[in-house]
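A.B. asks: Have a look at this one.
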Amino acid sequence: MYILGIHTGHDAGACLFTDDTLVAFCKEERLNRVKNDGGFFNLQSVDEVLRIAGIGRQHVDAVAFTRMKFPVACFKTSALPLKDVRRKVLGQQRERSLASLMIKQQNLNPAAFLDFAKLRSHMGLRADVALHFSNHHRAHVLSSLRYCDWTDDFLLVSCDGGGDAAQYSAYRYANQQLEPLWGGEETLLDQPQNSGASIGLAYAYATSACGFKPNRHEGKLTGLAAFGQPVVAAQIVALFPVDANGHIHTELADNLALHGALEQLFKGLSHEDIAASIQVATEQVIVNWLHALLKKHPAKHIAMSGGVFSNVRLNQLVAELPGIEEVFIFPAMGDEGLPVGACVDYWIASQGLAKLTRDRLTHLHYGWSYSGEDLLSTGERLGFRVERCPDHVEKTAQLLADNSVGAIFYGAMEMGPRALGGRTILASPAQREVNYSINKRLQRTEFMPFAPFVLDVDASQVYEVDERNRYACRFMTITTKVKPEWAAKIPAVVHVDGTARPQVIERATNPLYYDILTAFKGITGLPTLVNTSFNAHEEPIINTPEEALQALADDRIDFLVCDGGLIFPAATC
């Protein structure tokens with residue numbers, strides 16, 4: 001069974017499952033090169049995931065959507081407001097949110113709103129294709145459920161700026177059943193959560209107050225926070241009381257009132273202090289929430305999803321909660337991961353929870369897979385200096401030891417916001433100055449720390465990696481402390497607070513990546529290398545050979561490495 005997953009909001013994208021196994025994933029921005037793009041129905045990424053699997057639309061058996069916007073032409077006329085009826089009659093290419101209509105009419109039946117036959121026809125699907133519409137936060141939660149194999153009682157939580165009238169969701173998995181605790185379908189019917197109680201929106205407002213773009217640059221605040229003081233953190237936390245049931249409330253009327261309250265608190269503060277305040281407050285609010293949930297529903301494991309859990313420092317604190325044995329953060333934790341959860345939701349709805357495979361992710365390489373030869377031959381065609389050589393691993397390690405900056409182009413691009421060895425910029429961690437030089441070449445903010453990657457056999461010797469966070473560290477979704485004896489030796493990957501965001505790698509996943517670090521360690525004695533995503537500021541991570549070569553031509557890097565060889569700018573011949 002082929003199940004196609006689609007989300008068209010911000011961070012739009014698509015995925016494809018064969019039964020309950022993910023086989024392809026593509027975020028829309030990787031194709032159209034517009035960062036965080038979305039908000040429209042006809043996605044290139046839909047056909048891309050089908051291309052990856054080698055099938056067409058007529059082979060799809062089911063489509064799992066979020067309750068997103070659909071073309072007005074695909075709605076039943078009786079379900080539309082008058083202005084949209086006119087647009088439908090006139091054939092205008094406008095779209096309408098299914099969730100907003102469900103909320104307004106207090107009806108969760110998508111067939112009451114959408115003309116399924118027209119929707120299938122519009123998408124070029126067979127007439128018998130099943131259509132499924134997943135709750136926003138349930139999709140988040142199910143994406144993490146699919147990839148954690150715990151068998152005892154555990155919690156699954158999601159938190160973001162909002163979706164389907166909720167900003168928070170909590171589920172309990174026990175006795176092979178999934179029990180919603182808060183933030184389920186009730187939010188679309190008669191119990192919408194108060195947007196004024198959204199710590200996700202609060203973080204977005206703080207991002208804007210610091211001169212950055214909300215829903216895009218929140219990660220910059222996480223880095224900036226270490227340079228400031230949390231002078232109003234306690235006042236922010238007071239806006240978000242948590243009750244004994246694990247519900248977060250506020251006396252603020254709505255998100256506009258929240259924005260106003262934060263504006264007053266932030267007056268006169270430096271950007272560093274704003275960042276520190278919202279970071280510490282977010283950590284405390286979420287920890288308070290989890291304490292309340294755990295008190296009522298004891299658990300040793302927590303699975304996390306939703307955009308708030310892209311906050312790697314927060315995730316570290318969750319892993320350090322008393323009694324927690326392991327955490328997992330779905331690597332595509334933001335809305336780009338919703339298609340995955342929607343497909344899992346359809347599988348459970350059609351086959352039953354007992355038939356859902358629950359195992360661990362081993363890699364995130366779900367894009368179109370390019371070979372080393374694809375890159376090398378394209379480089380030759382475009383006039384770059386190409387070296388096809390059997391010792392490309394050793395040469396790469398020596399170049400890095402000599403403080404050159406390279407990039408690895410290996411196989412398929414990764415799912416999620418992190419580069420993890422498929423589209424990664426590499427550099428030695430031995431000099432702090434490399435941060436400034438690479439950031440200048442990439443036009444990035446200078447205070448942002450670089451992340452490292454480390455061999456599985458060395459991880460716990462260099463970083464505070466243990467059973468609580470090792471799985472999360474495979475996908476760079478959590479920070480850890482750096483061991484004191486190593487911090488001064490690898491300053492390029494250590495933040496001012498003494499933490500790093502390591503990626504723990506295994507050779508089976510990416511032999512080229514692993515072998516380069518092994519060779520670098522043999523030359524320098526350093527068991528870690530810089531990994532920063534292969535993209536310039538405000539650009540999506542590169543996808544194709546042509547994009548990688550353009551970065552080389554633009555002097556973002558000094559060389560490229562792939563299976564079978566190295567590529568240098570033509571000017572260095």
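A.B. asks: Go through the stretch 31-49 residue by residue and tally those that are surrounded by fewer than 24 Cβ atoms within 10 Å (Cβ to Cβ) and either closer than 30 Å to LEU356 by Cα or without any contact (Cβ under 8 Å) to a residue 60 or more places away in the chain (or both).
C.D. replies: The qualifying residues number 11.
A.B. asks: Quick one: count up the residues across the stretch 369-388 that are of a type outside the set (Ser, Thr, Tyr) and touching a strand residue (DSSP E or B) at 6+ places or on another chain (Cβ under 6 Å).
C.D. replies: Qualifying residue count, the stretch 369-388: 10.
A.B. asks: Which residue pairs have Cβ atoms under 7 Å apart, sit 6 or more places apart or on different chains, and have a first residue in the stretch 1-16 that is closer than 19 Å to LEU364 by Cβ and a second that is among the basic types (Lys, Arg) and at pLDDT 95 or above?
C.D. replies: Once the first residue is closer than 19 Å to LEU364 by Cβ and sits in the stretch 1-16, its partners that are among the basic types (Lys, Arg) and at pLDDT 95 or above give ASP11/LYS27; GLY13/LYS27.
A.B. asks: State yes or no: is GLY196 under 21 Å from ILE278 (Cα atoms) and either at pLDDT 95 or above or not assigned by TED's automatic domain parsing to the domain that holds GLY91 (or both)?
C.D. replies: Yes.
A.B. asks: Further question on the same structure: Give me the residue from the stretch 140-164 that is part of a loop (DSSP other than H, G, I, E, B) and touching a His at 6+ places or on another chain (Cβ under 9 Å) and, out of that set, surrounded by the fewest Cβ atoms within 10 Å (Cβ to Cβ).
C.D. replies: Only one residue tops the list, namely ASP152.
A.B. asks: What pairs come up if the first residue lies in the stretch 521-548 and is farther than 18 Å from ARG444 by Cβ, the second is acidic (Asp, Glu), and their beta carbons are under 7 Å apart, counting only those six or more places apart or on different chains?
C.D. replies: PRO527/ASP458; PRO545/ASP374
A.B. asks: Right, next: Could you list, in sequence order, the residues of the stretch 181-212 that are buried (at least 20 other Cβ atoms within 10 Å of the Cβ), over 25 Å from ILE103 (Cα atoms) and in contact with a Pro (Cβ under 8 Å, 6 or more places away or on another chain)?
C.D. replies: Of everything in the stretch 181-212, those that are buried (at least 20 other Cβ atoms within 10 Å of the Cβ), over 25 Å from ILE103 (Cα atoms) and in contact with a Pro (Cβ under 8 Å, 6 or more places away or on another chain) turn out to be TYR205, THR207.
A.B. asks: Only one of (1) in contact with a Cys (Cβ under 6 Å, 6 or more places away or on another chain); (2) part of a loop (DSSP other than H, G, I, E, B) fails for ILE274. Which number is that?
C.D. replies: Only one criterion is unmet by ILE274, namely (2).
A.B. asks: Do the conditions hold for PHE113, that is, is it over 30 Å from VAL287 (Cβ atoms), surrounded by 22 or more Cβ atoms within 10 Å (Cβ to Cβ) and in contact (Cβ under 8 Å) with a residue 24 or more places away in the chain?
C.D. replies: no
A.B. asks: Next question, about the same structure. Surrounded by fewer than 18 Cβ atoms within 10 Å (Cβ to Cβ), touching a residue at least 40 places away in the same chain (Cβ under 8 Å) and more than 13 Å from the chain's Cα centre (by Cα): does that describe LEU321?
C.D. replies: The answer is no for LEU321.
A.B. asks: Scan the stretch 456-473 residue by residue and report those that are of a type in the set (S, T, N, Q) and surrounded by 22 or more Cβ atoms within 10 Å (Cβ to Cβ).
C.D. replies: ASN469
A.B. asks: Is it fair to say VAL308 is buried (at least 17 other Cβ atoms within 10 Å of the Cβ), in contact with a strand residue (DSSP E or B) (Cβ under 7 Å, 6 or more places away or on another chain) and touching a residue at least 12 places away in the same chain (Cβ under 8 Å)?
C.D. replies: yes
A.B. asks: Out of (1) among the charged types (D, E, K, R); (2) modelled with pLDDT of 95 or more; (3) under 24 Å from the mean Cα position of the chain (by Cα), the odd one out for GLU538 is which?
C.D. replies: Of everything listed in (1) among the charged types (D, E, K, R); (2) modelled with pLDDT of 95 or more; (3) under 24 Å from the mean Cα position of the chain (by Cα), GLU538 misses just condition (2).
A.B. asks: Under 7 Å by Cβ, and 6 or more places apart or on different chains, what pairs join a residue from the stretch 248-274 that is farther than 21 Å from GLY183 by Cβ with one that is modelled with pLDDT of 95 or more and of a type in the set (Ser, Thr, Tyr)?
C.D. replies: So the pair list comes out as HIS259/TYR205; LEU262/TYR205.
A.B. asks: In the stretch 102-116, what count of residues is obtained for those that are at pLDDT 95 or above, over 17 Å from GLY184 (Cα atoms) and touching a helix residue (DSSP H, G or I) at 6+ places or on another chain (Cβ under 9 Å)?
C.D. replies: 5
A.B. asks: A further question on this structure: So, in the stretch 415-455, exactly how many residues are buried (at least 17 other Cβ atoms within 10 Å of the Cβ) and free of Cβ contacts under 8 Å to residues at least 60 places away in the same chain?
C.D. replies: Residues meeting the conditions: 2.
A.B. asks: Then there is this: So which residues in the stretch 165-181 are of a type outside the set (Gly, Ala, Ser) and either in a helix (DSSP H, G or I) or at positive phi (or both), if there are any at all?
C.D. replies: The answer is ASN175, GLN176.
A.B. asks: Then there is this: Under the condition of being under 20 Å from the mean Cα position of the chain (by Cα) and more than 20 Å from GLY223 (Cα to Cα), which residue from the stretch 474-533 is surrounded by the most Cβ atoms within 10 Å (Cβ to Cβ)?
C.D. replies: By that ranking, first place goes to ARG474.
A.B. asks: Something else about it: Please count how many residues of the stretch 457-494 are part of a strand (DSSP E or B), closer than 16 Å to LEU529 by Cα and of a type in the set (D, E, K, R).
C.D. replies: 0
A.B. asks: Condition check: surrounded by fewer than 21 Cβ atoms within 10 Å (Cβ to Cβ), touching a Cys at 6+ places or on another chain (Cβ under 9 Å) and either closer than 26 Å to LEU361 by Cβ or without any contact (Cβ under 8 Å) to a residue 24 or more places away in the chain (or both). Does ASP20 satisfy that?
C.D. replies: Yes, satisfied.
A.B. asks: Filter the stretch 57-107 down to the residues that are surrounded by fewer than 20 Cβ atoms within 10 Å (Cβ to Cβ) and assigned to a loop (DSSP other than H, G, I, E, B) and list them by number.
C.D. replies: Correct list: ASP61, LYS76, LEU80, PRO81, GLY91, GLN92, GLN93, ARG94, GLN106, ASN107.
A.B. asks: Counting only residues that are touching a strand residue (DSSP E or B) at 6+ places or on another chain (Cβ under 7 Å) and closer than 27 Å to LEU256 by Cα, which one in the stretch 165-180 is surrounded by the most Cβ atoms within 10 Å (Cβ to Cβ)?
C.D. replies: Restricting to residues being touching a strand residue (DSSP E or B) at 6+ places or on another chain (Cβ under 7 Å) and closer than 27 Å to LEU256 by Cα, the top hit is SER169.
The values are calculated or read from the model by the stated rules, or taken from the named source; none is laboratory data. Remember, predicted model here, so these are calculated numbers, not experimental data. Ideal geometry is used to build each Cβ from the backbone, glycine not excepted, and the neighbour counts take in all protein chains shown.
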